Structures are given as structure tokens and as C-alpha cells.
Amino acid sequence: MKTSLTKKNPTAPYLAVLALASHASALSQDRIIFESNRDGSGEIYVMDPDGQNLVRITSNDLKDQYASYSPDGAQIVFTSAGANEPDQLFVMDANGDNSVQVTTRAMDGGQDPLFIFGSTGSFSSDGEKIVFICGMYKPLIEPGEQRTFFDEICTIKPDGTNLVRLTQYPTPIPQFYGYSRPQFSPDGRKIITTCVYPFGADQVAEEVCTLDADGTNQVRLTSPPRKRTTVWGNASASYSPAGDKVVFTSYRDGNWEIYSMNSDGTGQTRLTNTEAPEFVPSYSPDGSRIVFQSLRDGNSEIYTINADGSDSVRLTNNDAYDGSAAWWGTPDGRPAAPTGLVALSVAGSEIMLGWNDNASNETGFSVERCMGRKCTNFAEIGTVVHSDSGTATFTDSGLANATLYQYRVRAVNGTTYSGFSNVLAVKTLRR
């Protein structure tokens with residue numbers, strides 16, 4: 001989008017940016033969201049991090065599962081399915097109202113293969129996209145061959161528009177079988193997921209891998225053992241809030257346990273050691289604890305531990321299934337991260353930024369910039385003082401014309417910083 005400052009209406013660009021950055025109210029405290037069949041069907045529940053104040057969010061005859069919050073806590077994405085129907089993505093308000101189906105069987109995944117289901121979605125750091133597993137028909141290889149499903153990675157907007165396939169079958173990897181549980185990195189540049197590779201002559205192995213946000217550059221972070229075993233897997237990976245750590249579940253030591261590693265795959269460390277399977281770990285907003293599900297007490301329940309594996313705490317206690325927990329909130333004293341960063345090139349040397357202010361305790365914002373499409377050397381170029389409007393703007397001047405810049409913003413409270421907003425690339429106008 002292009003606009004320019006005029007003497008007639010010099011505030012027009014500011015109004016345009018503020019219109020793009022629409023504010024959504026945030027939750028007031030940390031919450032853990034999970035799925036349970038304690039009331040007879042699969043439903044979504046939320047509770048405080050100590051297991052108190054349990055609230056049922058959905059109530060229907062469908063199977064609702066795999067829920068997670070938007071970055072500002074205003075919406076929840078989840079998977080739901082009726083009897084004999086494929087999974088589909090839904091988005092609802094944080095209180096369970098206004099549930100909207102995001103994917104359908106009839107959506108076009110690119111003519112051939114055809115989109116048929118959507119599952120395990122999670123929001124991007126700016127809340128603008130959902131990354132999820134999209135079921136596609138494999139193309140027919142031989143005449144008369146039965147068509148089968150292939151699990152791809154797709155993105156879609158929360159309103160159900162702009163479906164994009166990031167991965168394509170067949171892949172460059174021989175006998176590659178697909179993906180599960182994708183999640184964006186906090187800075188939005190990577191996707192971490194489970195990749196299903198061939199393992200031996202007749203088995204498959206789940207491994208943790210990353211892709212660039214556009215679906216390219218697939219990199220395996222975990223590897224199978226040199227000695228073949230009957231069961232192997234590394235799965236259900238999740239980034240820490242800072243993006244420097246990954247927590248996941250692994251069967252490498254003869255049982256499904258919780259492990260952590262650096263985001264490049266180094267430093268893999270076992271965190272739990274029980275005789276029962278433990279799955280689907282997720283970091284707390286400040287990265288100090290991990291929530292996961294475990295069968296250590298004879299039934300699937302929700303637990304938390306410190307990030308080093310110590311201090312296990314059981315949060316749920318009933319005879320039903322509780323699982324697939326995810327944590328939302330902001331660390332104590334740390335402002336909520338801004339979201340919805342947008343920009344307008346208003347002159348050959350000027351770019352105007354706008355974003356949602358989701359914090360209630362920030363003193364202002366730090367704006368960072370780097371130059372070039374692949375740049376990583378972000379540096380602070382200015383600050384913005386807090387206001388109560390729910391949105392904020394910043395104008396970057398003195399830029400080179402027809403040049404691409406990248407921006408990111410974070411909230412500040414004294415010496416404490418929020419996480420970063422989405423990274424936004426924008427090019428100045430040509431004079």
C-alpha cells in the first residue's frame with residue numbers, strides 16, 4: 001500500500017496505519033488450555049497455572065482438541081470433528097463465543113492434490129496466520145492406484161482466507177511420509193514440526209525438524225540411533241518464548257519422556273524419568289516451567305515441571321483423559337508483546353509503522369530495524385512513549401529510496417522487555 005503526506009491532510013497516513021492495526025483485548029492472567037473428556041465428550045478447558053479456576057470453554061457433541069491461544073490471548077484455535085467426519089480448524093473467542101469454522105473439505109489446495117482436512121493449528125507471533133497440518137490427496141502415481149492422504153503444512157488466515165500450501169508432495173526426500181504439529185518460532189521466521197521419515201525397511205521414525213516460514217530449507221534437529229530399535233521417535237516440539245530452546249518428547253531411552261535442546265538441535269537433555277509415557281510439552285510464558293501430559297499416575301493428567309525437569313506438580317486429577325496442554329500469558333513484570341505490526345511507505349525516504357499495544361504495564365516501545373531481505377543485525381532506531389490508545393505509531397525517516405528494510409518492535413518496562421512483534425519487511429518508494 002502506498003500513500004503520501006500532503007498539506008491538506010498530514011495525518012492521513014497515521015490514521016491509515018491505526019486502521020490497519022486493530023486492537024484486541026488481552027487476558028488478564030496466565031492460563032493453561034487443554035482438552036478433556038471428563039464430561040463425556042472431547043471438550044476444551046482452561047485453568048490457572050496452579051490447576052485452580054477450571055472453566056469449560058466448549059460444549060457440544062463433537063470432539064474438540066489441540067487448542068492454543070492467539071498471541072494476545074483474545075482467540076483460540078482448535079481442531080474439531082463430528083462422527084465419521086475429518087478434522088477441521090475452528091477459531092473462537094477466548095471465552096468460547098463466536099466459534100467459526102476456518103477450514104472445510106471443499107477448500108482448494110491447488111487443484112491436485114485436494115484439501116480435505118485441517119488439524120493441530122497454532123498462531124503466528126503476529127496473530128495474522130495459523131500454521132497447521134492440512135490433509136491432501138496424493139496424486140495418482142499409476143493408473144488405477146488408490147488415492148491416499150499426505151500430511152502437508154499449510155497456513156491460513158484466522159478468517160479462513162488465503163490458504164497457502166508450504167510443503168509439496170512428492171518431497172525431495174525419498175519415501176518421506178509427512179508432518180505433524182507445526183508451530184512458528186517466536187520471531188516468525190521458522191516452523192518447528194514433527195517430520196516422519198522412513199526407518200529401516202518397513203518402519204517410520206518421527207523426528208523434530210525445522211523449515212523456513214515459507215516451507216523451504218527443511219533441517220532435521222534429531223536423528224535415529226545407529227542401532228535399530230523396534231520403536232523410535234522424537235515429536236511434539238515447542239519453542240521457548242525467547243526462541244533459543246526447544247522442548248519435545250522422545251522415545252530414545254525406551255519410554256516417551258520430555259527432553260529439551262537448543263534451537264539448533266545441540267544440547268539434547270532428558271528432563272523426566274518415569275515408567276509412564278509423557279507427551280506434548282509446552283513452555284510457560286517466561287520459559288521457567290513446562291506443562292505436559294503424563295500417565296505416571298495411571299491416567300492421562302496435566303503436570304508442570306521446572307525447565308530443568310525438577311519440581312513436578314500435578315494439576316488435574318480425575319478418571320477421564322486430560323491432555324494436549326498449552327500455556328498462555330506474560331511473565332511477571334514483563335509487558336505483553338505488541339502484535340499486528342504494519343507499515344506504509346509514505347515517501348522515498350520515510351516509512352510509517354503501526355502496531356497493537358497489548359500491554360498494560362509498559363512505559364514505551366523499542367523499534368528495531370535492519371536492511372535487506374535476509375538481514376539479522378537488528379538495532380534500535382528509536383523509542384515510542386506509552387499511550388492509552390491501544391495502538392502506537394512510529395515514523396522512520398532519512399532512508400534510502402527503493403530499499404527494503406525489516407522492522408520489529410517490543411514493549412519496554414524499565415529494564416524489562418516483552419517478546420518481539422512479528423518481523424515486517426517493507427520497501428521505500430522510488431523517487
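For the reader, a short list of remarks on this structure follows.
- The set of residues in the stretch 372-431 being of a type in the set (Lys, Arg) and touching a residue at least 40 places away in the same chain (Cβ under 8 Å) consists of Arg373, Arg408, Arg410, Lys427, Arg430, Arg431.
- Residues considered: Gly82, Gly73. Of these, the only one that is within 24 Å of Pro281 (Cβ to Cβ) and assigned by TED's automatic domain parsing to the domain that holds Asn306 is Gly73.
- Qualifying residue in the stretch 346-365 (condition: β-branched (Val, Ile, Thr) and assigned to a strand (DSSP E or B)): yes
- Criterion: modelled with pLDDT under 90, of a type in the set (Gly, Ala, Ser) and under 30 Å from Lys374 (Cβ atoms) - qualifying residue of Gly110, Gly118: Gly110
- Filter result (assigned to a loop (DSSP other than H, G, I, E, B), among the hydroxyl-bearing types (Ser, Thr, Tyr) and under 16 Å from the mean Cα position of the chain (by Cα)) within the stretch 242-301: Ser263, Ser284
- Odd one out for Glu368 among (1) more than 19 Å from Ser124 (Cβ to Cβ); (2) surrounded by fewer than 23 Cβ atoms within 10 Å (Cβ to Cβ): (1)
The values are calculated or read from the model by the stated rules, or taken from the named source; none is laboratory data. If you're wondering where the values come from, they're calculated on a predicted model, not measured in any experiment. Quick reminder, even Gly has a Cβ in these numbers, built from the backbone with ideal geometry, and neighbours come from all protein chains shown.
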